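Student: Got a structure for you, written out below as structure tokens; questions coming shortly.
The values are calculated or read from the model by the stated rules, or taken from the named source; none is laboratory data. Please read all numbers here as calculations on a predicted model, not as lab measurements. Here the Cβ is made from the backbone with ideal geometry for all residues, glycine too, and neighbour counts use every protein chain on show. Remember, those area values only see protein heavy atoms, side chains included, never the ligands or the DNA or RNA. Shrake-Rupley method; radii C 1.70, N 1.55, O 1.52, S 1.80 Å.
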Amino acid sequence: GIDAIREALFAGMAGGTENSPIKIKLVAPPIYVLSAMTLEKESGIKLLEHANKVIKDTITAKGGKMDVKMEPKAVSLKEEEQLKLMMDRLLLSNRDVDGDD
């Protein structure tokens, strides 16, 4: 359950470096976004691809499954702002509404 997800996410974060730490943000359960800032586009993408593999392997070993909705890619500041807006909309739509059980 949640402990397996937590363990997998921390295992993925551990693959970051001092100069390019991997950050994970919860958008809306079970959607998470991984990010890393780096000056080298290709090394940043490889870092996140490796983190995805570690997370997926850990979750699979615990009997779960993981679907990657979007492969790692380099984004500009504008694209990052658009992604943040999309994540905010998902978070708002996932909040409990009066009458939810």
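Student: Label-point separation (nm) for residue 73 and residue 43, each offset 7 Å from Cα along Cα-to-Cβ?
Tutor: If labels sit at residue 73 and residue 43, their model points lie 2.4 nm apart.
Student: For the chain, what is the calculated [θ] at 222 nm in deg cm²/dmol (nearest 500), taking -39500 (n - 2.57) for each run of four or more DSSP H residues and dividing by its residue count?
Tutor: Roughly -17000 deg cm²/dmol at 222 nm, from the helical runs in the chain.
Student: Quickly work out the residue 91-to-residue 14 label distance, labels modelled 7 Å from Cα along the C-beta direction, and quote it in nm with one decimal.
Tutor: Result for the modelled spin labels: 2.8 nm.
Student: If you count, for each residue, the other Cβ atoms within 10 Å and average over each peptide, how do 15-22, 79-86, 51-58 line up from highest to lowest?
Tutor: Answer by packing, highest mean first, reads 51-58, 15-22, 79-86.
Student: On to the next question. Can you give the accessible area per residue of the chain, in Å², using a 1.4 Å probe?
Tutor: Counting only protein heavy atoms, the per-residue value for the chain is 78 Å².
Student: How many times 2.2 N^0.38 Å is the alpha carbon radius of gyration of the chain? Write out the running numbers ahead of the final one.
Tutor: On the way: Rg = 14.8 Å, N = 101, 2.2 N^0.38 = 12.7 Å.
Compared with the compact-globule rule of thumb, the chain sits at 1.16.
Student: Grab the chain and count how many Lys pairs have their alpha-carbon atoms under 15 Å apart, sequence gap of 8 or more, or different chains.
Tutor: 12
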